1. With I91, I82, I9 as the choices, which residue is loosely packed, with under 15 Cβ neighbours inside 10 Å and either assigned to a helix (DSSP H, G or I) or under 18 Å from the mean Cα position of the chain (by Cα) (or both)?
2. Would you mind telling me which numbered condition in (1) at pLDDT 95 or above; (2) among the acidic types (D, E); (3) over 18 Å from G96 (Cβ atoms) E43 fails?
3. Can you pull out the residues in the range 42-57 that are in contact with a Ser or Thr (Cβ under 7 Å, 6 or more places away or on another chain), in contact (Cβ under 8 Å) with a residue 40 or more places away in the chain and hydrophobic (A, V, I, L, M, F, W, C)?
4. Quick check on the range 16-30. Is at least one of its residues among the hydroxyl-bearing types (S, T, Y) and either surrounded by fewer than 16 Cβ atoms within 10 Å (Cβ to Cβ) or in a loop (DSSP other than H, G, I, E, B) (or both)?
Amino acid sequence: MTLQKKLIILGSLLGGLSVAFGAFGAHALKQILTEHGRADTFELAVKYQFYHTLALLAMAALVDKLNESKASWSALLMTSGIIVFSGSLYILSLSGKTIWGAVTPIGGVLLIAGWLLFLLSTKNK
């Protein structure tokens, strides 16, 4: 399977999950998020997931202009960052356990590294 196809599949799945999580948080989870005072935190997790999903789809559109190896690593870092950054915020929002906030910066570092490698993946022509 080509990198482009993998990125489109990954972006499509993560994008769909972003919409589902956003809707679920706004409706089914509204009470628990309000009780924990974490509706804004949950929304931030959804936004960052969606932003980086769009980055993965942009990468798919630009794949012929990128170094495939570096782009693959960039996608892996961004996906890992989404899981760690947004995932820790989802857990924090639903559990109310603030210790999960200590995990979030690790996800942020993964996202930043993904963006930097995306930059470095551009081919010199």
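1. Checking each option against the conditions leaves just I9.
2. For E43, the failing item is (3).
3. Going through the range 42-57, the residues in contact with a Ser or Thr (Cβ under 7 Å, 6 or more places away or on another chain) turn out to be 42, 45-46, 48-50, 53.
Those left that are additionally in contact (Cβ under 8 Å) with a residue 40 or more places away in the chain: 42, 45-46, 48, 53.
Residues satisfying the conditions are F42, A45, V46.
4. Looking only at the range 16-30, we keep the residues that are among the hydroxyl-bearing types (S, T, Y), and these are 18.
Imposing the further condition that a residue be either surrounded by fewer than 16 Cβ atoms within 10 Å (Cβ to Cβ) or in a loop (DSSP other than H, G, I, E, B) (or both) reduces the set to none.
No.
Residue by residue, here is whether (1) among the aromatic types (F, W, Y); (2) modelled with pLDDT of 95 or more; (3) in contact with a strand residue (DSSP E or B) (Cβ under 8 Å, 6 or more places away or on another chain) holds:
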residue: G16; (1), (2), (3): no, yes, no
residue: G25; (1), (2), (3): no, no, no
residue: K30; (1), (2), (3): no, no, no
residue: Y48; (1), (2), (3): yes, yes, no
residue: H52; (1), (2), (3): no, yes, no
residue: A55; (1), (2), (3): no, yes, no
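The values are calculated or read from the model by the stated rules, or taken from the named source; none is laboratory data. A quick note: this is a predicted structure, and the numbers were derived from the prediction, not measured. Quick reminder, even Gly has a Cβ in these numbers, built from the backbone with ideal geometry, and neighbours come from all protein chains shown.
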